Amino acid sequence: MPINADKPHLWKQDIAQSVDLYNSWFMEFAPSAYRDTRITTTQQVESALATTANLTNITPTVLRQHPSILPILRMATAPPLARDRLIGLAGVLPNLVKNMEEKSRIPPRMDSGLVDAELMKIGQIITRLADKDIFPWLENGLEPTETQVHRAATIVADRLCGALTDPIVRNAQERRQLALIRQWLEQRGYSYVRGGAGLSFETIQPGTFSFRLNIPVSLQSGSKQVNIPIDIVIMPLQSNPGDLPLLIEAKSAGDYTNPNKRRKEEAVKIAQLRLNYGNNVRFILFLCGYFDSGYLGYEAAEGIDWVWEHRIDDLALFGV
């Protein structure tokens, strides 16, 4: 029997309470999460400036040795460059830039001469567009002071964090949600099991739970297997042999737009799980923030139930 999905008369009140809870958390903790990230990012920018001799030495050799500095260099230009804009301006291979930014490496199979030529073009664009207002030494030729370098690093860090504000807040909120569920479970006698080799959702023991566990599924064509990441996997204390654990997706949202844009993701996920493991799969959402009636109605129609964070004790109604 559904716990919340079949009670639309309660949705309006729950939505209001959920929005209030998210806003209260955001006002109290989001600024510190952003600030902590900005401090770390400023240190990374200062390191990148030291590596490039304060942007006066952006050579293929430097970029080869430190490919991860490329996102920082993009934010050091006027105007700051999006990844695709840099690729277009420099006329370089997208795969090279993607590897540098996402994997902190040069593509291992790319011809060495081609790599140097591409890195040269990247360095030329960054050098040409470097923001002279925040790096005045590039124009006046004077040695920058420590204060000037730190000030410039802080500005670039703000640009980087500005582009990453949503992920910073989302990651902080996800950590908080997982910590809240962990505390709730441990108070009821459950034990946390770290994911890793040998742990699967079919072998997890009664009275234990794990975070971010991958569940393998075969796609409908049967030609390919992929992993579906699940935020929380709980095997109830009173489980019987052959029972499947409760699967929970932790979701938070700071506005109504994004959840409705992505609401099909959960439907696809549960459809793949049921196709591979049967209709006994139990998959629910753990919600905090802006989830309106349109979103809830869509999930309910797909057979997906949920627990509101402000009523976390509803987890017990799912046999936990």
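The values are calculated or read from the model by the stated rules, or taken from the named source; none is laboratory data. Keep in mind it's a predicted model, so treat the numbers as computed, not measured. In this analysis, Cβ positions are derived from the backbone assuming ideal geometry, glycine residues included, and neighbour counts consider all displayed protein chains. With ligands, DNA and RNA removed, areas are computed over all heavy atoms of the protein, side chains included. Shrake-Rupley method; radii C 1.70, N 1.55, O 1.52, S 1.80 Å.
Side notes on the structure shown:
- Pairs linking a residue in region 25-45 that is part of a helix (DSSP H, G or I) to a residue that is open to solvent by 30 Å² or more (accessible area, probe 1.4 Å) and acidic (Asp, Glu), with Cβ atoms under 8 Å and 6 or more positions apart or on different chains, are Arg38/Asp158.
- Entirely in region 243-320, the helices (runs of 4 or more DSSP H) that have 1 or more residues that are of a type in the set (Asp, Glu): 264-277, 293-301
- Considering only residues in region 169-190 that are closer than 13 Å to Ala30 by Cβ and among the aliphatic types (A, V, I, L, M), the one that is modelled with the lowest pLDDT turns out to be Val169.
- Within region 291-306, the residues that satisfy the criterion of being more than 11 Å from Ala5 (Cα to Cα) and surrounded by fewer than 19 Cβ atoms within 10 Å (Cβ to Cβ) are Asp292, Gly294.
- Any hit, region 193-203, residues being of a type outside the set (Gly, Ala, Ser) and in contact with a Cys (Cβ under 9 Å, 6 or more places away or on another chain): no
- When the residues of region 46-87 are filtered to those that are more than 19 Å from Ile106 (Cα to Cα) and part of a helix (DSSP H, G or I), the one that is most open to solvent (accessible area, probe 1.4 Å) is Arg85.
- Of all residue pairs spaced 6 or more apart or on separate chains, those with beta-carbon atoms under 7 Å, a first member in region 257-272 that is over 23 Å from Leu219 (Cα atoms) and a second member that is modelled with pLDDT of 90 or more and assigned to a helix (DSSP H, G or I) are Pro259/Tyr295; Asn260/Gly294; Asn260/Tyr295.
- Scanning region 214-228 finds no residues that are more than 19 Å from Ala271 (Cβ to Cβ) and either touching a residue at least 12 places away in the same chain (Cβ under 8 Å) or open to solvent by 70 Å² or more (accessible area, probe 1.4 Å) (or both).
- Only one entry in Gly319, Gly254, Gly294 is modelled with pLDDT of 90 or more and in contact with a helix residue (DSSP H, G or I) (Cβ under 7 Å, 6 or more places away or on another chain), namely Gly294.
- Condition check for Phe201: assigned to a loop (DSSP other than H, G, I, E, B), within 23 Å of Tyr277 (Cβ to Cβ) and within 27 Å of the chain's Cα centre (by Cα): yes
- Residue identified as in contact with a helix residue (DSSP H, G or I) (Cβ under 7 Å, 6 or more places away or on another chain) and not aromatic (Phe, Trp, Tyr) among Leu10, Leu70: Leu70
- A single entry from Arg182, Arg128 fulfils the requirement of being closer than 23 Å to Asp313 by Cα, among the basic types (Lys, Arg) and part of a helix (DSSP H, G or I): Arg182.
- Each residue in region 191-213 was checked for being at pLDDT 90 or above, open to solvent by 50 Å² or more (accessible area, probe 1.4 Å) and at negative phi, and 4 pass.
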